[in-house]
Structures are given as C-alpha cells and as structure tokens.
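Novice: Provided herewith is a single structure, encoded as structure tokens, for subsequent inquiry.
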Number of protein chains: 2
Amino acid sequence: MTISSTFGRENNQRNMDTTGEVGSFFKSAFSVDNVIFGFDGGDLKVLLIQRGQAPFKDKWALPGDLVYPNEDLNTAAERVLEQLTGLRGVYLEQVKTFGAVNRHPLGRVITVAYITLIKISNYTVTAASFAQSAKWHNIDEVGDLAFDHNEILESCLRRLKRKVRTAPIGFELLPPKFTLTELQQLYDSVLRLPKRLDKRNFRKKILSMNLLVECPEMQEGVAHRPAKLYQFDREKYGQFVNEGFIFDI
Amino acid sequence: MTISSTFGRENNQRNMDTTGEVGSFFKSAFSVDNVIFGFDGGDLKVLLIQRGQAPFKDKWALPGDLVYPNEDLNTAAERVLEQLTGLRGVYLEQVKTFGAVNRHPLGRVITVAYITLIKISNYTVTAASFAQSAKWHNIDEVGDLAFDHNEILESCLRRLKRKVRTAPIGFELLPPKFTLTELQQLYDSVLRLPKRLDKRNFRKKILSMNLLVECPEMQEGVAHRPAKLYQFDREKYGQFVNEGFIFDI
DNA sequence: GCAAAAGTGTTAACTTTACACCCATGG
DNA sequence: CCATGGGTGTAAAGTTAACACTTTTGC
C-alpha cells in the first residue's frame, strides 16, 4: 500500500452514503457520554441514569446519546445535559474518546466523554419519570456500570482531580456564594489526599490570589459562629490570566 | 421527547446497517489524525504530508486516516504512523476529538487527534514517494493546513507544552543517549519561555531527580569540551511513581 | 592560542508546611 | 453554658532564582 493510497482514503470519499468501497467506513456511529459531577457539601457525586432497555437493562450508566447528524459534539453533550437536568450554560469539558471495537455490543460506536460540573442545588428532578431513572451517586459507590462507563468515569475523575488544582473550576460545583470551609471541603472531597488540607494554609493561599470577593452578608441559621460568604470573581480571573497568572492549589 | 426515548436511542440500535429510523446516525465516519513531533537539536518539528487530491489538494496536512471497522482508535493512530515512518512502539497519546459538523467538506467525519513523539534520527524516508509527500516543518512555519488541522495542531502543541513539564516524555524526542545541553535545548524549544532556562538550575533540578544515568562514554567529534552522555532510567521512574513521585520541571 | 560549549556553587527571595487557641452563634 | 465550626499568625524547612568563571576539546 503506498502512502498516497493510504492517506488518500480520507481524500477519496465521494459520497457519504454506505454504498461502494468506502461504505463500510460509515457503518458506525458516535455518541457523547457525560460525567456530570456535583457536590453536596460532603461528597463528590456523579449523576447516573438507570437503563430501561437492553443492552445492560437496569444497569446504571452515564447519560449519553448518539450525536445528531448536524450537531457538533459539544452541542450534543449540552443537549444530553439539558434534557436530563434542564440546565444550560454550565461548565463542560471534553475529556477523552473511547473507541474499543467491542465497547458497544450492538455495533461500532465510539463515544466522546465529557465532564460537566453543576451546582447541585440548581439541579431539580424535573419529572417523576426522572426520579426513577436518574440519581446522584457518591463517587465511590457507583458499582458496576453499563458499557465501558466505569473506565470512562475513572478517566474523567482523574481529569477533574488534575484540573481542579490548575484552573478555577471548583467554583462551578458550589453555589455562587460560599464559605471558605465549603470550598475547602470541596477540594478535600475531590482530591482525597492522604491528609486533608490545612485550614489556615488553604485560606491563606486561596485569599492571596485575590480572586474571591467578600459578600456583605454572612452565613445564616447555623449553630455556630457564622462564616463569611465569598464569591469568585470571574472577570478578575480573566484579567490575571492575561497578565500571566496561573491558578494553582 | 421523554427522557427514556432520548436516552433510549443508544439502547435501541438493532443493527448497524443504514436502514430504518436509526440509519442517519450511521452516515458518518471517524478518523484519526496524528501530530508527529520530532526534535532535531534546534527546533521542534512536526511531520506533515502534502495532499495529492481534493479536497485541499496540495495543501499540507496532518497524517491521518479513517479508522477501520474492526480497528481500535489507538491502533489506527499506530498504523498511520507506521505506514508513514515505519516506526512502531513509540509514544502515542490521545489528545482531543474534533467534530464540528462542517469540518470535513465531503461529509460528517469526526477525528480523534493524537500526539506522537519520535526520535527524529530514527525516522528515515523509507520510499522515494515519501520524500515528496512528507516533510518535517518547524513548528512555527507550518502555514495554512488542510481541514481544521491548524486548530488540531495548536491543541496538540498546548498539550505537549503542559505534559512535557509533568511527565518524562521529553526523552521520547531525544536519542537514547543525550547530553544535558540537548535536553535543555529540547525544553527550551518546546516551552518557548520568555527567558531560556538557566543552565545551572536546570542541571541541578534534572539530576536531583535521580532519573538519569551517566553513560561511560562521552560525546565525540565536537570542537569543544565533550559532554557527558546520559540515559533516562525508565525502570527507576516507574518505581518512583509508585512511591508517589511526580515529575515536574 | 582561540573559539566553542561543558561544567560547577552560593546566596537571597520566596513558598510551603506545621501547628493551637480564642471567637461568635444557636440551642 | 456548652457544642460547633469560624477565624487567625509565626517560624522552620524547603524550593526557586539569579548569577560568572574555569575546563576541555578541535582546529
């Protein structure tokens, strides 16, 4: 096989139907799968759906769908999220594509895995049918998932662990106003370090970035000294990045 | 549209041909594109091919191909590399999948981008036909590429820049035995920092990791004091990683 | 002997880590 | 008044950054 024939194949596609020599390349599909992370103040969670049909009937799985013919990959991931939760405009990141020949029992389907970070309080079960089919699971209690979804989840969790330290994405999992303790708990439950972060050092570090603005109001209704509330200043972050700043925890 | 119908679509694939309601999802294909990096002692290079046919005839492009029906994605990327260079078993990393609806003028083709790192001296033009169609380009002199390949290249370059600091992959671009100056030049040309790395600090840091073993022989045939040659100790690195070591430059 | 790159150490600035007690509130 | 988590500073250890001259070789 010469180089020009090898690399010519992509050149030579004359049509997109399934006839002719090129046809077999089109008996395949692609999907997106969405690892939707949430944080409830204690644990990192992932939103799973329970499958109603074969294959893997009754198994828990990542929400996902085939990509429509005229739909960009990101759009498909956003659609999956919106159909499940009603949420739009949230943090979405492509992580990795899984394409083992036999990963889907019914044919050749490669899937592009995405991470989504949502503020769990914004997520409301929008229909009764949902309540039975979608549920938050603690990240270490997901059990055996459908397809290769355990592998996908692991990849996405690794990515989250790395990224949460090098980009200000943790805030996507918290309500707009949060306490420093909540923020620290978030880091602790995502990172699962052998030792929890040191309270004083954590506060020093995060405040020294000058990315948090103090809210005028305080935490309310707690049986202890109420904490200050902070907001993440997106705009400032953008400025600082332009000046060469690199987020790092 | 209910959730079960939405998320049932992937469930419901009954066959992989193109008939029936599901058919339109299979009028699509996927390819891999390979960003093959090399280093010649001075500059970071990327191996491009010149297209012989439309679309984008005569344009430079990343080597790539459609994925065979029974081929894993990684295998396809390895095949593309081997057909172009004859090399096997080199460093390969999936980076990102590009799937804009119109990225391919002839149909819906999503492509999975890979980085490959090769020791440029191992790459030999294996056929005369190659010489005309494949060529190393300096990383900042690639010009206008076919398809969305400029975007793909940028993504892969960003990934390389990050990864070269956090994993010992730079060695994949150097011959098995190299001098510390060569190693530093590699980092300088990949990272393109505003200031070049400091020679003494760089040596201190890299040697303090205890991952390089000194070779008995020295550099030869240079018109100056010959440098010590080093090898990267893969095995030791594996051990250290198990003990929690994190590579960082 | 000269051009060219190899090789080498010290100090100051900065960052990270470890660590313990008083404060404000609700019940 | 007590239980609960909020809030705070310092010192030691470690890391990074800046910096210039001597050595060895080929020609």
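Novice: Could you tell me which numbered condition B:Asn242 fails, if it satisfies all but one of (1) modelled with pLDDT of 95 or more; (2) away from DNA strand D (no atom under 16 Å from the Cβ)?
Specialist: Of everything listed in (1) modelled with pLDDT of 95 or more; (2) away from DNA strand D (no atom under 16 Å from the Cβ), B:Asn242 misses just condition (1).
Novice: Counting only residues that are under 20 Å from B:Ile120 (Cα atoms) and assigned to a helix (DSSP H, G or I), how many does the stretch B:147-184 have?
Specialist: 17
Novice: Among the residues of the stretch B:97-122, what is the count of those that are facing chain A (nearest Cβ under 8 Å), without any contact (Cβ under 8 Å) to a residue 40 or more places away in the chain and not hydroxyl-bearing (Ser, Thr, Tyr)?
Specialist: Number satisfying all stated conditions: 2.
Novice: Residues in the stretch A:157-191 that are within 14 Å of chain B (Cβ to nearest Cβ) and more than 16 Å from DNA strand D (Cβ to nearest atom): how many?
Specialist: The number of residues fulfilling the criteria is 7.
Novice: Which condition from (1) buried (at least 17 other Cβ atoms within 10 Å of the Cβ); (2) out of contact with any strand residue (DSSP E or B) (no Cβ under 8 Å at 6 or more places or on another chain); (3) modelled with pLDDT under 95 is the one that B:Gly8 breaks?
Specialist: Every listed condition holds for B:Gly8 apart from (1).
Novice: So A:Asn210 fits all but one of (1) more than 15 Å from DNA strand C (Cβ to nearest atom); (2) over 27 Å from B:Arg159 (Cα atoms); (3) surrounded by fewer than 17 Cβ atoms within 10 Å (Cβ to Cβ); what number is the exception?
Specialist: It is condition (1) that A:Asn210 fails.
Novice: Here is a list of conditions, (1) in a strand (DSSP E or B); (2) within 14 Å of another protein chain (Cβ to nearest Cβ), and B:His137 meets all of them except one; can you say which number that is?
Specialist: So the condition that B:His137 fails would be (2).
Novice: Condition first: among the polar types (S, T, N, Q) and facing chain A (nearest Cβ under 7 Å). Now tell me which residues in the stretch B:48-71 satisfy that.
Specialist: Step one: list which residues in the stretch B:48-71 are among the polar types (S, T, N, Q), which gives B:50, B:53, B:70.
Result: B:Gln53, B:Asn70.
Novice: Does A:Ile36 fit the bill of being in contact with a Gly (Cβ under 7 Å, 6 or more places away or on another chain) and surrounded by 19 or more Cβ atoms within 10 Å (Cβ to Cβ)?
Specialist: Working: in contact with a Gly (Cβ under 7 Å, 6 or more places away or on another chain): no; surrounded by 19 or more Cβ atoms within 10 Å (Cβ to Cβ): yes.
Taking the combined requirement at face value, the residue does not satisfy it.
Novice: For the stretch A:215-232, how many residues are outside any loop (DSSP other than H, G, I, E, B) and in contact with a helix residue (DSSP H, G or I) (Cβ under 8 Å, 6 or more places away or on another chain)? Talk me through it step by step, then tell me what you get.
Specialist: Quick first cut of the stretch A:215-232, residues outside any loop (DSSP other than H, G, I, E, B) only: A:215-218, A:228-232.
Next, only the ones that are in contact with a helix residue (DSSP H, G or I) (Cβ under 8 Å, 6 or more places away or on another chain) stay: A:228, A:230, A:232.
Residues flagged as outside any loop (DSSP other than H, G, I, E, B) and in contact with a helix residue (DSSP H, G or I) (Cβ under 8 Å, 6 or more places away or on another chain) within the stretch A:215-232 amount to 3.
Novice: Hey, among the residues in the stretch B:72-96 that are of a type in the set (Asp, Glu) and more than 13 Å from B:Ile115 (Cα to Cα), which one's nearest to the other protein chains (Cβ to nearest Cβ)?
Specialist: Step one: filter the stretch B:72-96 for residues of a type in the set (Asp, Glu), giving B:72, B:78, B:82, B:93.
From the residues that got through so far, the ones that are more than 13 Å from B:Ile115 (Cα to Cα) too are B:72, B:82.
Values: B:Asp72: 6, B:Glu82: 10 Å.
So, considering only residues that are of a type in the set (Asp, Glu) and more than 13 Å from B:Ile115 (Cα to Cα), the one nearest to the other protein chains (Cβ to nearest Cβ) is B:Asp72.
Novice: Kindly indicate whether any position in the stretch B:78-89 is over 16 Å from B:Val35 (Cα atoms) and in a helix (DSSP H, G or I).
Specialist: No, the stretch B:78-89 has no match at all.
Novice: Quick test for you: out of B:Arg159, B:Arg200, B:Arg165, B:Arg196, pick the one residue that is away from DNA strand C (no atom under 16 Å from the Cβ) and either under 30 Å from B:Lys57 (Cα atoms) or among the basic types (Lys, Arg) (or both). Give the steps one after another, and end with the answer.
Specialist: On the way: B:Arg200 fails: away from DNA strand C (no atom under 16 Å from the Cβ); B:Arg165 fails: away from DNA strand C (no atom under 16 Å from the Cβ); B:Arg196 fails: away from DNA strand C (no atom under 16 Å from the Cβ).
When all the criteria are applied, what remains is B:Arg159.
Novice: Of the residues in the stretch A:179-206, how many are touching a strand residue (DSSP E or B) at 6+ places or on another chain (Cβ under 9 Å) and over 22 Å from A:Arg162 (Cβ atoms)?
Specialist: Of the residues in that region, 2 qualify.
Novice: Still on this structure, please answer the following. Test A:Asp198 against the criterion of being among the acidic types (Asp, Glu) and exposed (fewer than 15 other Cβ atoms within 10 Å of the Cβ), and give yes or no. Steps first, answer last, please.
Specialist: Values: among the acidic types (Asp, Glu): yes; exposed (fewer than 15 other Cβ atoms within 10 Å of the Cβ): yes.
Against the criterion (among the acidic types (Asp, Glu) and exposed (fewer than 15 other Cβ atoms within 10 Å of the Cβ)), A:Asp198 qualifies.
Novice: Quick test of your reading of the structure: B:Glu235 fulfils all but one of (1) under 30 Å from B:Trp60 (Cβ atoms); (2) more than 14 Å from chain A (Cβ to nearest Cβ); (3) more than 16 Å from DNA strand D (Cβ to nearest atom); (4) part of a helix (DSSP H, G or I). Name the failing condition by number.
Specialist: Going through (1) under 30 Å from B:Trp60 (Cβ atoms); (2) more than 14 Å from chain A (Cβ to nearest Cβ); (3) more than 16 Å from DNA strand D (Cβ to nearest atom); (4) part of a helix (DSSP H, G or I) one by one, B:Glu235 breaks only (1).
Novice: Can you tell me which residues in the stretch A:198-214 are within 12 Å of DNA strand D (Cβ to nearest atom) and not in a helix (DSSP H, G or I)?
Specialist: A:Asp198, A:Leu212, A:Glu214
Novice: Scanning for something away from DNA strand C (no atom under 16 Å from the Cβ) and either at pLDDT 95 or above or of a type outside the set (Val, Ile, Thr) (or both), does the stretch A:215-226 turn up at least one residue?
Specialist: no
The values are calculated or read from the model by the stated rules, or taken from the named source; none is laboratory data. A quick note: this is a predicted structure, and the numbers were derived from the prediction, not measured. All Cβ positions, even for glycine, are placed from backbone atoms using ideal geometry, and neighbour counts span all protein chains on display.
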